[in-house]
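The values are calculated or read from the model by the stated rules, or taken from the named source; none is laboratory data. Computed from a predicted structure; not experimentally measured. Virtual Cβ from ideal backbone geometry, glycine too; neighbours counted across all protein chains shown. What goes into the accessible areas is simple: the full protein's heavy atoms, side chains included, and nothing from ligands, DNA or RNA. Shrake-Rupley method; radii C 1.70, N 1.55, O 1.52, S 1.80 Å.
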Amino acid sequence: MWRYLAGGLGTLVLVGAGLFLWGSRPDTPSPLPAASAATASPRQTAEDDAPLPEASARTREQKRFDRYDKDRNGAITREEYLAARRKAYAKLDRDGDGKLSFDEWAIKATTKFATADRDKSGAMNAAEFATTAVKRRPARANCPPTRTAPVEAPEAAPAEES
């Protein structure tokens, strides 16, 4: 019983402290400079007076819809929706007959087996089978994600004049 009473009292104290801290925020202005002063350019030309086009705020779903809607008519037809699947199917259909055989469907596994079967006996021993294990990255414990710098493309050489 005492635990419930102590827990309730502790909750009330925490809520009261939170309200006290919330209400005691200073009303002083931010020490950061105003945005208009920071973005004003010292000189303007006639070209700068033209109104800038507004960027459209498109959601992720709108962008996804636009990728599928190839003819931009505001509707996704069955053919547009299945276009990506047709490309993937065409990659698997090696002989181009429009039919997917088991060997065509299992090409990754077939290739992996052929690569692992070093002695070409048609069967893998334990050492050969061990080479088919999925290579996993070692787990990084308590490390922040690493960010790689974008690779800059080398500058194109100037065209030779003849």
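Scanning the range 66-88 for residues that are open to solvent by less than 90 Å² (accessible area, probe 1.4 Å) and part of a helix (DSSP H, G or I) yields a count of 7. Of the residues in the range 72-82, at least one is among the small types (Gly, Ala, Ser) and modelled with pLDDT of 85 or more. Residues that are part of a helix (DSSP H, G or I) and surrounded by 10 or more Cβ atoms within 10 Å (Cβ to Cβ): does the range 130-144 have at least one? Yes: one or more hits.
Remark: pairs (first residue in the range 94-110, touching a residue at least 12 places away in the same chain (Cβ under 8 Å); second residue surrounded by fewer than 12 Cβ atoms within 10 Å (Cβ to Cβ) and hydroxyl-bearing (Ser, Thr, Tyr); Cβ separation under 6 Å; 6+ apart in sequence or on different chains) are absent. Any residue that is surrounded by 10 or more Cβ atoms within 10 Å (Cβ to Cβ), within 26 Å of the chain's Cα centre (by Cα) and at pLDDT 80 or above - is there at least one of those in the range 43-63? Checking the range 43-63: at least one residue is surrounded by 10 or more Cβ atoms within 10 Å (Cβ to Cβ), within 26 Å of the chain's Cα centre (by Cα) and at pLDDT 80 or above. Within the set ASP103, ASP93, the sole residue that is in contact with a helix residue (DSSP H, G or I) (Cβ under 7 Å, 6 or more places away or on another chain) and open to solvent by less than 60 Å² (accessible area, probe 1.4 Å) turns out to be ASP93.
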